[in-house]
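A.B. asks: The following block contains the structure, expressed as structure tokens.
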Amino acid sequence: MEALAVSFTESTAKSLLGKLGHILSQEAGLLSGVEDDIQYIMDEVESMASFLRILPERQGQDHQVTTWMKQVREIAYDAEDSIDMFKHRLGGLRHRNRFIEFLINAYHLLRTLKARRSIATDLKKLKLRAHDVSERRTRYFLTSGNHSGSGSVATIAPKSSDHHPDVQPRGNHWDKNELIRRLIEDNQPKLGVVSIVGVANEARKDLAMNVYQTLIFTSDRFQAHAWIEIPRFSTIEELLRNLITELSISKQQIREFLGDPAQLTDEVGVKRLLIEMGKAELMKMIRVYLDGRRYLIVLDNVYATNVWNGIKLAFPGGKNGSRLVVTTHDKKVVDDCFSHYHHSIKEMAKFSPDESSTNENRPVGIDEPSNTLVGWLLAENQKQLGVISIVGSGGLGKTTLAMTVYQSPDITGGHFPARTSIAVSQSYKIETLLRTMIRELSISVEEIGRVIPAAEHDNDGVEQILERMDEMELVKTINNHLQRKRYLIVLDDLWDVSAWDSIRKALPDQRNGSRVIVTTRNETVANTCSSSLNRQFIYRITRLSPDKSRQLFCTRVFEGPEYTCPSHLKKIMDDILKKCDGLPLAIVTIAGLLANKPEKTREEWSKLHDHLGFELETNASLQKINRILRLSYNDLPYHLKPCLLYLSIFPEDYEIDRKRLVRRWIAEGIVSRRRGMSAEAVAETYFQELVDRNLILPEKFGDGGKVKTCRVHDIMLEVVVSVSMEENFVTVLNKNSIGIPHDKIRRLALHENSTLEDGIYLSQVRSFTLFGNKLLLKDYRKMMMLRVLDLQGYEGRNQNHLKNISKLFLLNYLSLRDNRFLHELPDSIGDLPNLQFLDIRGAYIKKLPNAIVKLKRLSHLLAGGYGHPYGLEFPKGVGKMKTLQELGPIYIDPSDVLQEIGKLTQLRKLSVYFGSSTRDKNMEHLRDSLGKLSNCLRSLTLHDFGGGHGIAVLDGLASSPPSLLEKMSLLGTLGSKLPTWFESLDRIAKITLERTELKHEAIEALAKLPSLVQLRLKHGSFKQEHHPLPFRCGGFAVLNVLEIRYHKVSFQERALQSLRLLKVDCNDEGIEGVQHLSELKEAHLQIRNDQLRERLKSTLEKHIKKPKMKVLNSKRSTY
């Protein structure tokens, strides 16, 4: 949990440090006597931020750490709010005339006396709080160098639980009861070892935990008991020390064993001596303690035979009915258990509780992907080393699929003489991984001896030699062993590229068909692993279909052989499965919980559905979902954590616009400029990282493949909301909200049908988001610290709430998008000095107020849609808005506005509309302005709705063409050809033409553009001629998307070799030569001529690439 608060606390701290530094350097004269307080706060905040950066690297922190970090964050928030309020109340002090400035300053000192006293008081209070929090860190040993303990052994202590264990899913009933019976049967007095083997870690753990808790809580049969979870990379000594702790061996008993009471006067002395003890002594102590006691010990996740062989001698035999339970995925471990304890309960070793299996023990939906991967593994035409990556989000069954393939008869039949499976995990050590591979591959001492000198390992066993070897020696040992062998290596749960880079060195490519399987949650890791060698093998595991989800759910909940859901539960079952959204982990776990309910009633199931977030946090049977999905969150770098938490603002199943999201990240300071990259570029990079990690699910794509909208899986959203609530990151009020939040509200989201209690304190709210049409807040003076106000989609008729908008002096982002009853903006909009983003798209605003030009920091003015299809009227003075980067669509009159646009030298995106009344003089001003913007414009839209030759103004840009353009949309007559400077557009990627009336020859100019990826030729872009518009061989080197509307075209042989998507919308126009589009993967057809449509469909069906076809509504157009 300690990593959760770090990222946003750091961004807040950076912002605060900058503002404190400004106050100290610029306003020190007004704050006499508190300079030391400011400097103290700066030093403390900087130290806290530095300390917070290293906390994610530490393991095992407790709630004290989490609480401390929340306090740090709250100090940073409050300090920033105080500074912002002070700067606002202080106002400006400058004047050109020095005498007048002196008088103004004298008056200003008197006028701001109260404000200065207030900030001085606040600073002293903040200094005290910072001092207290700093001391608290020392008091509770929260120092970077004081982390004690092994840090690599995690222990579950179920004996401390006070609840009765839940029963397992119906599919495991017989196994659980049979296990318990075998563990307690009196006719087997010798020490018995029960092995639970299977590929699904969580399923093994659940069954073992269930049995363990049942025996411990319901009987006193066993006088000693312990549960030990065995992570990778733990040493035998660490496991033994952990076992001593879990067995609750007292200090007195340790004293008696060690015989040195002088050193055992306190807990520290006991721990120190245990750390100094060797493996033999630790084993002896455990054997002495257990001797004569009937014990039950669970060894969870015995991942390799060397772990079992290293710990087994700690357990005495005897004939008192003691039992060991071993969970493992490796059948070699099972065999070793039985070879040591020949009297073990051998028949139980066959138990294999797969996460998503049916009652026949075959995972649902596994056959098709398993067959695909087996085919890749055995491909005869692929002799080079092939790396197969299985990629997908947590809980999709990547490990289950990999191990099903690994254990397939086709694979185990000798095709791969050398094979092993290694779990990597998040906190790996490369040397430990390599040593594990050596053990699993059974590399002999003799082979190791070829790598290191004999003198260094005389009379030593494999383990002693391995511990002394460095990474290079371990790599060479594995590489030598695998030479001239066809091998299969499974690397399960790979989290970063560096682990692959290290392991890759140990894997020789003998061109003999060797393979590696990698499972990962990260697209970047998958692409790196599978692209570093010859052919790219990437299997993107998908969610189960609704039918498969239903099948899996029913086989877990209902009686066989039909496994039928009763009619009264079908609706609520479908609602639950909708939340699970095809995630096997969620389906199996929730089904297991419902299967064990005494009564299967709609009320019980509805309760789980409506309060799933609460159940995930509190219900032990569902906590494994939380645990697995939080791994993905915990693995995020510090800068991505707040970006993901921010998604908790949005309701379930809400389709989130990508641009809206990244702009809000920027507005709140979560994302900022980095190393020469703009904030927008950084935010886009962060968004893509979350997509690559399968934490954001893309919903809609642009034609170029870029994500337009996204959402979060419902179950993952519950986890994100849970973390967000713990961190007080976002406060969400919905129909299920009860009472008043206890923490200070920093971000407030009102979902539909929510209520806002009178007692809720809103003065420190930084962002407010409304979903629905019930605006409960009408006086923004209650939220003066607001940075983000998002009312997108609000359709209330009463717009009086905007009257007090001027009070929001910190407002950075304002969205009134799709406010259909909003017809004008108040003049007070100009009193928002920090506003950067203003979105009024879809509102019925036709004219902006004069005060809009006072917004000196405005960078994005987003308009367009229902209210102003022909442009937005802009007032004079736009040239003062020097920071504008995105503007439009604006109406071309008056001419003064057009002249001033040329002064906006940061403008990257411009959209201009004009009609029949446009004067030649206006067009000259537009041409001049465009010439001045040639070095900054990246996107240009010119739409002439008047039917004239308005956009012919582009011809006049030959001396200063906008050569940096990446996107262009033109509507209106250009003449017969494109401007001569078009050939200089070597960066342009997207072009849309409509009613431009070009001659066919102009297509050649477009074909020469080296970066053109998308081309849309809409109605009238080219003149109708006798012959089709030709697309010839050569040219359009990187064109991926082509849209044709109402044009007759022909594709010649070897034309458009990169085209992936063809979109055709026409009546009777012909489309010829589609068969020549050699790389075509998808075609969208909207053709109203039945004969033409069927002919084109037939051609596509015979296409060598078998492109996907989408036939759209074919009603006749009256265009």
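A.B. asks: How far apart, in nanometres, would the label points at HIS568 and ASP986 be if each is projected 7 angstrom from Cα along the Cα-to-Cβ direction?
C.D. replies: A separation of 7.5 nm, rounded to one decimal place.
A.B. asks: Treating only the Cβ atoms of Lys and Arg (+1) and Asp and Glu (-1) as charged, compute the dipole magnitude of the stretch 966-1119 about its Cα centre; round to the nearest 20 debye.
C.D. replies: Values: 28 positive and 19 negative charges, 102 e Å.
Magnitude of the dipole: close to 480 debye.
A.B. asks: Okay, moving on. In Å and whole numbers, how far do the C-alpha atoms of the stretch 389-513 stretch along each principal axis, longest first?
C.D. replies: 49, 33, 24
A.B. asks: As an exercise, use a Förster radius of 41 Å and the Cβ-Cβ distance of ASP575 and THR235 to find the FRET efficiency, rounded to the nearest 0.05. Don't skip to the answer; put the middle values down first.
C.D. replies: Working: r = 49 Å, r/R0 = 1.18.
Calculated transfer efficiency: 0.25.
A.B. asks: Extension gain ASP896-LYS332, at 0.36 nm per residue separation less the Cα-Cα distance, in nm? Before the final figure, lay out the partial values.
C.D. replies: Working: separation 564, 0.36 × 564 = 203.04 nm, distance 8.30 nm.
Full extension from ASP896 to LYS332 adds 194.7 nm.
A.B. asks: Just the number please: accessible area per residue for the stretch 364-459, 1.4 Å probe, all protein chains included, in Å². Mind dumping the intermediate values first?
C.D. replies: Numbers: 3790 Å² over 96 residues.
On a per-residue basis, the stretch 364-459 sits at 39 Å².
A.B. asks: To the nearest 0.05, what FRET efficiency results for ARG221 and LYS279 with a Förster distance of 35 Å applied to their C-beta separation?
C.D. replies: Values: r = 30 Å, r/R0 = 0.86.
Taking R0 as 35 Å, the efficiency between ARG221 and LYS279 is 0.70.
A.B. asks: Could you give the length gained on full extension between LYS882 and MET472, defined as 0.36 nm per residue of separation minus the Cα-Cα distance, in nm? Spell out each step's value before the answer.
C.D. replies: On the way: separation 410, 0.36 × 410 = 147.60 nm, distance 5.77 nm.
Contour length minus Cα-Cα distance gives 141.8 nm.
A.B. asks: Next up: Set the Förster radius R0 to 41 Å, insert the Cβ-Cβ distance between SER545 and ARG511 as r into 1/(1 + (r/R0)^6), and round the FRET efficiency to 0.05.
C.D. replies: Numbers: r = 39 Å, r/R0 = 0.95.
Once the sixth-power term is evaluated, E becomes 0.55.
A.B. asks: Distance check, please: which entries in LYS398/LYS1110; LYS659/LYS1048; LYS205/LYS429; LYS774/LYS876 exceed 29 angstrom between their Cα atoms?
C.D. replies: On the way: LYS398/LYS1110 31 Å; LYS659/LYS1048 36 Å; LYS205/LYS429 24 Å; LYS774/LYS876 36 Å.
Violating the 29 Å limit, Cα to Cα: LYS398/LYS1110; LYS659/LYS1048; LYS774/LYS876.
A.B. asks: Give me the 1.4 Å probe accessible area per residue for the stretch 761-809, excluding ligands and nucleic acids, in Å².
C.D. replies: About 40 Å² of surface per residue is accessible.
A.B. asks: Which of the peptides 1072-1085, 301-314 is most tightly packed, and how do the rest follow, going by the mean number of other Cβ atoms within 10 Å of each residue?
C.D. replies: Working: 1072-1085: 17.9, 301-314: 20.3.
Packing order, densest peptide first, comes out as 301-314, 1072-1085.
A.B. asks: Please identify which residues in the stretch 765-781 have an amide N closer than 16 Å to a label point set 7 Å out from the Cα of ASN798, following the Cα→Cβ vector.
C.D. replies: What the label zone holds, given the 16 Å backbone N cut-off, is 773-781.
A.B. asks: Ranked highest first by the average count of other Cβ atoms within 10 Å around their residues, in what order do 683-691, 1025-1033 fall? Working shown, then result.
C.D. replies: On the way: 683-691: 18.6, 1025-1033: 14.2.
Descending mean neighbour count gives 683-691, 1025-1033.
A.B. asks: For the stretch 498-582, with every protein chain kept in place, what is the accessible area per residue (1.4 Å probe, Å²)? Walk me through the intermediate numbers first.
C.D. replies: Values: 3740 Å² over 85 residues.
On a per-residue basis, the stretch 498-582 sits at 44 Å².
A.B. asks: On to the next question. Give me the distance in nm between label points sitting 7 Å out from Cα along the Cα-to-Cβ direction at THR709 and LYS319, one decimal.
C.D. replies: 7.4 nm
A.B. asks: In the stretch 460-510, what is the volume of the convex hull around the alpha carbon atoms, normalised per residue and reported in Å³?
C.D. replies: Details: hull volume 5.3 nm³, N = 51.
Per-residue hull volume (Cα only) is 104 Å³.
A.B. asks: Same structure, new question: Taking a label point 7 Å from the Cα of ASN309 along the Cα→Cβ vector, which residues of the stretch 462-497 have an amide N closer than 12 Å to it?
C.D. replies: Residues passing the 12 Å test: 462-464.
A.B. asks: Over the stretch 608-665, with every protein chain in place, what whole percent of the accessible area is carbon and sulfur at 1.4 Å, could you tell me?
C.D. replies: Working: 910 of 1820 Å².
Of all accessible area on the stretch 608-665, carbon and sulfur atoms account for 50 percent.
A.B. asks: A further question on this structure: So what is the diffusion coefficient of the stretch 654-743 in µm² per second by Stokes-Einstein at 4 °C and 1.567 mPa s, using a Kirkwood Rh over Cα pairs? Mind dumping the intermediate values first?
C.D. replies: Values: Rh = 14.8 Å.
Taking Rh from Cα pairs, D becomes 87 µm²/s.
The values are calculated or read from the model by the stated rules, or taken from the named source; none is laboratory data. Note that the structure is a prediction, hence the values are computed from the model and not measured. With ideal geometry, Cβ positions are generated from the backbone for all residues, glycine too; neighbour counts draw on all protein chains shown. Surface accessibility is based on the protein's heavy atoms, side chains included, excluding ligands, DNA and RNA. Shrake-Rupley method; radii C 1.70, N 1.55, O 1.52, S 1.80 Å.
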